[in-house]
1. Kindly list the number of the only condition in (1) without any contact (Cβ under 8 Å) to a residue 24 or more places away in the chain; (2) under 23 Å from ASN12 (Cα atoms); (3) exposed (fewer than 13 other Cβ atoms within 10 Å of the Cβ) that fails for VAL53.
2. Just give me the residues in the stretch 37-87 being of a type in the set (A, V, I, L, M, F, W, C), outside any helix (DSSP H, G or I) and under 13 Å from the mean Cα position of the chain (by Cα), in sequence order.
3. Going through the stretch 9-34 one residue at a time, which ones are of a type in the set (Val, Ile, Thr), farther than 18 Å from LEU75 by Cα and surrounded by 12 or more Cβ atoms within 10 Å (Cβ to Cβ)?
4. Find the residue count for the stretch 16-26, including only residues that are part of a loop (DSSP other than H, G, I, E, B) and either of a type in the set (Phe, Trp, Tyr) or in contact with a helix residue (DSSP H, G or I) (Cβ under 8 Å, 6 or more places away or on another chain) (or both).
5. Among LEU13, LEU29, which is at pLDDT 95 or above, in a loop (DSSP other than H, G, I, E, B) and within 10 Å of the chain's Cα centre (by Cα)?
6. Quick one: which of ARG6, ARG84, ARG44 is of a type in the set (D, E, K, R) and surrounded by fewer than 14 Cβ atoms within 10 Å (Cβ to Cβ)?
Amino acid sequence: MMRGIRKSKQLNLSFPYDWSNPAITDEALIINVLNRGIFVDICRICAYFGLDVVEGFDSSLSKPIAVNKSLARMLSNIKKGFVRAQA
């Protein structure tokens, strides 16, 4: 990370997830993005950290992916998009 630039700004996220904690950990950022459920931000963290890494935080979420149908659908669509982008 570039010194002085918050992660949410560096990743061009639409919400300032780190406004109260400029030294937010990657784990906390990913969990906050998934819990808020903004599609474009979820896409950006998946592209930056990797889909497998992001999905690995399922047990840390306030509502697990399997229960959160909207989040499950978003991650499925992102996965399909990544596959198409590689083709």
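The values are calculated or read from the model by the stated rules, or taken from the named source; none is laboratory data. In this text, all values refer to a predicted model and were calculated from it rather than measured experimentally. When we count neighbours, we look across all protein chains shown, and the Cβ atoms used for this are built from the backbone with ideal geometry, even at glycine.
1. The single condition VAL53 does not satisfy is (3).
2. If the condition is that a residue be of a type in the set (A, V, I, L, M, F, W, C), outside any helix (DSSP H, G or I) and under 13 Å from the mean Cα position of the chain (by Cα), then ILE38, PHE57, LEU61, ILE65 are the ones that fit.
3. To start, the set of residues in the stretch 9-34 that are of a type in the set (Val, Ile, Thr) comprises 24-25, 30-31, 33.
Going one step further and asking which of them are farther than 18 Å from LEU75 by Cα, we end up with 24-25.
Listed by number, the list holds a single entry, ILE24.
4. 6
5. LEU13
6. ARG84
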